[in-house]
Amino acid sequence: MINIILCGGSGTRLWPLSRTMLPKQFVRLFNDRSLFQETVLRNQAVCEQLFIVSNREQYFLAIDQLEQVASRPLEFLLEPVGRNTAPAIALACLAIEADGKGDELVLVTTSDHLIKDQQAYEKAILNAKALAEKNNLVTFGIKPTYPEVGFGYIESKGHEVLSFKEKPNLETAQSYLNKGNYYWNSGMFCFKASVFLEELKKYAPEMYQACLSAMPKNKNDSEWHIDLAAMKAIPEDSIDYAVMERSSRVKVVPCDIGWSDLGSFDALFEEVKQAKDNNAVLSRLENSPPPICIDSNNNLLVTRERQIALIDVNDLLIVDTSDAILISSKASSQKVKQVVAEIKKNAPELAEIHRLAHRPWGIYEVLEASEQYKVKRIVVKPGNKLSLQKHFHRNEHWIVVSGTATVTVDSKEFLVRPNESTYIQMGQLHRLENQGKIDLVMIEVQVGEYTGEDDIVRIEDVYGRSK
């Protein structure tokens, strides 16, 4: 069986933990592992291959995190833009079919869900495999534990699907819970790749043809790269609307697997709350000082390195990152999306990226930023290099802390060793490279009228980035 892992989504409901360039599935929430890594570990126990659908920026995050957990063969399908779940799954199935594996079973999962009962999960997958082998499209229904209004529901009788229900109001959700045969729609599926494509061709022929046209003739090593124009030509729709709610081949496996989509801070609170005072504390760094809570209960605190102290407050949400602090009543956590919308207007970088940013070549961390200067700590992994680039609005000073930098400035190439520095003038073509065996660590000081990340003109890039 092949695990198709869908890595889309920006996770704006968990800002400032989650950003566009580090969405929810890649944030290390539990045991210094991300939900994406947990997904890989969980599904490697039941699948022989991983097939990951991602955009290009998330591809580099995925590669970095897979180094620590993956033990199965990997393939990637890289989307230039998202078109919802139906096209993503269709393109993955077409790629699997092109590999000569169209009749193999695929397990489609998201990359950002939490599942705590591995034994029950594997039992549910065995049940799904038996149904999928008979050419059914199988979905997984999660036994509801409370009347959730943010999920769709599946009405069932055994494995038979009676109906799909849209997100209900609270009264309707409570009635579903009382009836006992309604399940949360998990967004996980199991079927043969060829069977799904047959049903897609039958019920969404325009999408099927557009996906077929978008598929490249060959993959690049283990990567399928989809053309931007071809991707934009694919109709946008979810797998539920395009196929599952229309096909007569659909079955459901009801299950109770300790599932959460962690789609809000309310859900995160439920996973990390402590019995003592019902506070929930999630420390982002190993040595973060524990919060001091005096006569304070039912709060969610996400800390980094600062000491947090609460006195006589209840039902608060406090999320502390290096560049932003979110404070809200827990009852209003769904309004985080409104905060993100305002931030995109006034300080868009805060919605896009953390001070600590992951890049295909390594990481950088913004140590200090002001109106006309910025100080960064840059780590370049061995054998990696930044793009050949130039800037229009800033000069750069580079000081090597450890390792050896191979620096290109216009037509000159030279080495910069620890405690040595170099200077890049505004407009000069330049590149930084680590040809050594250890990490290259350096400090970069930018000085100029504008130091935003979009003041980069890439001339050449080994990772295929254009801006």
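From the residues in segment 138-160 that are assigned to a strand (DSSP E or B) and of a type in the set (D, E, K, R), which one is nearest to the chain's Cα centre (by Cα)?
Here the residue is Glu155.
For the subset of segment 223-268 comprising residues that are in contact with a helix residue (DSSP H, G or I) (Cβ under 7 Å, 6 or more places away or on another chain), at pLDDT 95 or above and part of a helix (DSSP H, G or I), which member is nearest to Lys335 (Cα to Cα)?
Among those residues, the one meeting the criterion is Ile239.
Does Leu282 fit the bill of being at pLDDT 90 or above and within 22 Å of the chain's Cα centre (by Cα)?
Considered against the rule, which asks whether it is at pLDDT 90 or above and within 22 Å of the chain's Cα centre (by Cα), Leu282 comes out as no.
Among the residues of segment 62-71, is there at least one that is modelled with pLDDT of 95 or more and crowded, with 21+ Cβ neighbours inside 10 Å?
no
Which one is nearest to Pro235 (Cα to Cα) among residues in segment 62-87 that are of a type in the set (Gly, Ala, Ser) and free of Cβ contacts under 8 Å to residues at least 60 places away in the same chain?
Once the filter is applied, the top-ranked residue is Ala62.
If you take the residues in segment 132-191 that are surrounded by fewer than 15 Cβ atoms within 10 Å (Cβ to Cβ) and in contact with a helix residue (DSSP H, G or I) (Cβ under 6 Å, 6 or more places away or on another chain), which one is farthest from Ile2 (Cα to Cα)?
Among those that are surrounded by fewer than 15 Cβ atoms within 10 Å (Cβ to Cβ) and in contact with a helix residue (DSSP H, G or I) (Cβ under 6 Å, 6 or more places away or on another chain), it is Val149.
Kindly indicate the residue of segment 449-467 that is in a loop (DSSP other than H, G, I, E, B) and of a type in the set (Lys, Arg) and also surrounded by the fewest Cβ atoms within 10 Å (Cβ to Cβ) among those meeting that condition.
Per the stated criteria, the residue is Lys467.
Limited to segment 438-448, what total is found for residues that are in a loop (DSSP other than H, G, I, E, B) and either surrounded by 15 or more Cβ atoms within 10 Å (Cβ to Cβ) or at pLDDT below 90 (or both)?
1
Looking only at segment 232-274, filter to residues that are closer than 24 Å to Leu107 by Cβ and among the small types (Gly, Ala, Ser); which one of those is surrounded by the most Cβ atoms within 10 Å (Cβ to Cβ)?
Restricting to residues being closer than 24 Å to Leu107 by Cβ and among the small types (Gly, Ala, Ser), the top hit is Ala242.
Would you check if there is a residue in segment 291-303 being out of contact with any Leu (no Cβ under 6 Å at 6 or more places or on another chain), among the small types (Gly, Ala, Ser) and outside any strand (DSSP E or B)?
no
Sort out which residues of segment 68-87 are assigned to a helix (DSSP H, G or I) and either touching a Gly at 6+ places or on another chain (Cβ under 6 Å) or more than 18 Å from Thr39 (Cα to Cα) (or both), and write them in order of number.
Within segment 68-87, Ala86, Pro87 meet the criteria.
Can you name the residue in segment 301-337 that is of a type in the set (Asp, Glu) and in contact with a helix residue (DSSP H, G or I) (Cβ under 7 Å, 6 or more places away or on another chain) and, of all such residues, is modelled with the lowest pLDDT?
Asp323
Give all pairs with beta carbons closer than 6 Å in which a residue from segment 395-423 that is over 20 Å from Val457 (Cα atoms) meets a residue that is surrounded by fewer than 17 Cβ atoms within 10 Å (Cβ to Cβ) and of a type in the set (Gly, Ala, Ser); count only pairs at least 6 apart in sequence or on separate chains.
That search, which allows pairs on different chains as well, returns Ile399/Ser421; Gly403/Gly436; Thr404/Gly436; Pro418/Ser402.
Tell me which of these Asn278 doesn't satisfy, since it passes every other one: (1) touching a residue at least 12 places away in the same chain (Cβ under 8 Å); (2) out of contact with any strand residue (DSSP E or B) (no Cβ under 8 Å at 6 or more places or on another chain).
Here Asn278 meets the rest and fails (2).
Starting from residues that are modelled with pLDDT of 90 or more and among the basic types (Lys, Arg), keep the ones in segment 25-50 and report whichever is nearest to Ala193 (Cα to Cα).
Filtering segment 25-50 for residues that are modelled with pLDDT of 90 or more and among the basic types (Lys, Arg), the one nearest to Ala193 (Cα to Cα) comes out as Arg42.
Only one of these conditions is not met by Glu122: (1) under 27 Å from the mean Cα position of the chain (by Cα); (2) outside any loop (DSSP other than H, G, I, E, B); (3) surrounded by 17 or more Cβ atoms within 10 Å (Cβ to Cβ). Which number is it?
Against the list (1) under 27 Å from the mean Cα position of the chain (by Cα); (2) outside any loop (DSSP other than H, G, I, E, B); (3) surrounded by 17 or more Cβ atoms within 10 Å (Cβ to Cβ), Glu122 comes up short only on (3).
Quick check on my filter: what residues within segment 402-437 are in a strand (DSSP E or B) and exposed (fewer than 15 other Cβ atoms within 10 Å of the Cβ)?
Selection gives Ser402, Lys412, Glu413, Phe414, Leu415, Ser421, Tyr423.
Say we look at segment 363-380 and pick out the residues that are outside any strand (DSSP E or B) and free of Cβ contacts under 8 Å to residues at least 24 places away in the same chain; which of these is farthest from Met442 (Cα to Cα)?
Looking at residues that are outside any strand (DSSP E or B) and free of Cβ contacts under 8 Å to residues at least 24 places away in the same chain, I get Glu371.
The values are calculated or read from the model by the stated rules, or taken from the named source; none is laboratory data. Here the structure is a predicted model, which is why all the values come from computation and not from measurement. All Cβ positions, even for glycine, are placed from backbone atoms using ideal geometry, and neighbour counts span all protein chains on display.
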